[in-house]
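In what follows, a structure is listed as structure tokens, so that the remarks can point back to it.
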Amino acid sequence: MFARMAAAAITVAIAGCAPLPPIDQQAARAALADSCATRDGWSDPAPPATIFANVHYVGTCGITVLLVTSAQGHILIDGATAEAVPSILANIRTLGFDPADVEIIIGSHEHVDHMGGFAALKAATGARVLVSAAAKPVTESGRVDPADPQAGILPDMQRVTIDDVIEDGQVIRVGKVSLTAVATPGHTSGGTSWQWRSCAGARCATIVYADSLSAVSAPAYRFTDHPERVAPFRATFARVASLECDILMTPHPSSSDLFARIRGTMPLVDRTACRRLADTMRKRLDDRLASEISAEKGRSITPSR
């Protein structure tokens with residue numbers, strides 16, 4: 001079904017978009033926001049909701065999983081945890097879709113809370129799993145990258161066989177919808193964001209699923225000791241800030257205030273969202289580096305006698 005194309009594209013010959021199921025979308029979005037108002041666990045079940053056009057939230061209260069649908073097959077973005085897979089599959093069915101029609105599974109980054117469900121989802125759907133080259137060793141071994149800043153505090157995950165590797169700028173075309181991979185390393189080596197355009201009738205929006213940009217780590221890890229980690233973060237911040245971005249979503253819905261936005265207390269469409277996210281995460285990294293340097297200077301001071 002898949003063919004390597006010029007300009008590094010994977011093309012799936014699927015025409016048209018499936019009609020949205022007869023669900024009160026506003027009520028479903030409110031139900032999702034309300035259900036997760038006091039819960040944000042990685043595997044906490046959440047009801048599904050249509051975000052915009054053919055883009056549907058099927059994840060948990062703490063982890064975004066998106067179903068992008070078309071008439072002859074669907075794409076699943078991220079997979080949450082293995083424990084969350086039954087609720088993800090149930091959400092797909094609740095929306096009126098068949099999990100067996102999921103053709104491709106792609107993701108953000110190689111951590112158990114986002115790709116831990118890939119093995120079970122692949123088994124349940126028969127879909128092909130595609131990840132970046134840097135993410136492949138982790139997903140196929142199930143072991144956290146020893147160089148990952150969070151190594152030692154993140155659990156391993158179920159191994160999954162990867163069907164193909166996605167490169168920066170590679171495109172997956174599903175009918176008239178094209179999803180473009182945007183390499184955004186930093187949080188992990190294989191971090192990938194996704195950008196595409198979806199339309200609901202005459203209303204169209206450029207959607208960005210921006211990978212996690214947070215510089216978090218195990219307690220003893222110092223980013224000041226790892227410039228090879230800091231440099232990719234800097235490049236990723238600049239790249240995300242420059243993306244055309246009408247609707248922003250993130251692997252952790254709280255990072256983009258998704259539930260408040262689908263509830264209507266904040267705008268769903270915000271063309272400054274990607275830039276503001278990058279600016280916020282850049283400041284957090286700068287603050288983290290400054291804190292590490294300050295702590296090191298404090299330890300180097302020898303008290304006078």
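The values are calculated or read from the model by the stated rules, or taken from the named source; none is laboratory data. If you're wondering where the values come from, they're calculated on a predicted model, not measured in any experiment. All Cβ positions, glycine included, derive from the backbone under ideal geometry; neighbour counts span all protein chains shown. Each accessible area value is taken on the protein alone, full model and side chains, heavy atoms only, with ligands, DNA and RNA left out. Shrake-Rupley method; radii C 1.70, N 1.55, O 1.52, S 1.80 Å.
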Response to the item:
Screening VAL144, VAL102 for residues that are within 18 Å of GLY186 (Cβ to Cβ) and either in contact with a Lys or Arg (Cβ under 6 Å, 6 or more places away or on another chain) or of a type in the set (A, V, I, L, M, F, W, C) (or both) leaves only VAL144
Fill in: Matching residues, the stretch 102-120, being open to solvent by less than 10 Å² (accessible area, probe 1.4 Å) and over 16 Å from the mean Cα position of the chain (by Cα)
VAL102
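Please find, within the stretch 148-178, the residue that is most open to solvent (accessible area, probe 1.4 Å) out of those that are polar (S, T, N, Q) and farther than 13 Å from LYS122 by Cβ.
Once the filter is applied, the top-ranked residue is SER178.
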Worksheet entry | Within the stretch 51-74, tally of residues that are open to solvent by less than 10 Å² (accessible area, probe 1.4 Å), outside any loop (DSSP other than H, G, I, E, B) and closer than 22 Å to ARG261 by Cβ | 9
Discussion item. If HIS252 meets every condition in (1) of a type outside the set (Val, Ile, Thr); (2) open to solvent by 20 Å² or more (accessible area, probe 1.4 Å); (3) more than 15 Å from SER193 (Cβ to Cβ) apart from one, which number is that one?
Written reply: (3)
Item to complete: Kindly indicate the residue of the stretch 86-101 that is surrounded by 24 or more Cβ atoms within 10 Å (Cβ to Cβ) and of a type outside the set (S, T, N, Q) and also nearest to THR64 (Cα to Cα) among those meeting that condition.
Response: ILE88
Worksheet item: For the stretch 216-305, which fully contained helices (runs of 4 or more DSSP H) count at least 1 residues that are touching a residue at least 24 places away in the same chain (Cβ under 8 Å) and within 20 Å of GLY62 (Cβ to Cβ)?
Response: 258-263, 273-300
Discussion item. For the list (1) in contact with a helix residue (DSSP H, G or I) (Cβ under 8 Å, 6 or more places away or on another chain); (2) open to solvent by less than 10 Å² (accessible area, probe 1.4 Å); (3) aliphatic (A, V, I, L, M), I need the number of the one condition that MET266 fails.
Written reply: (2)
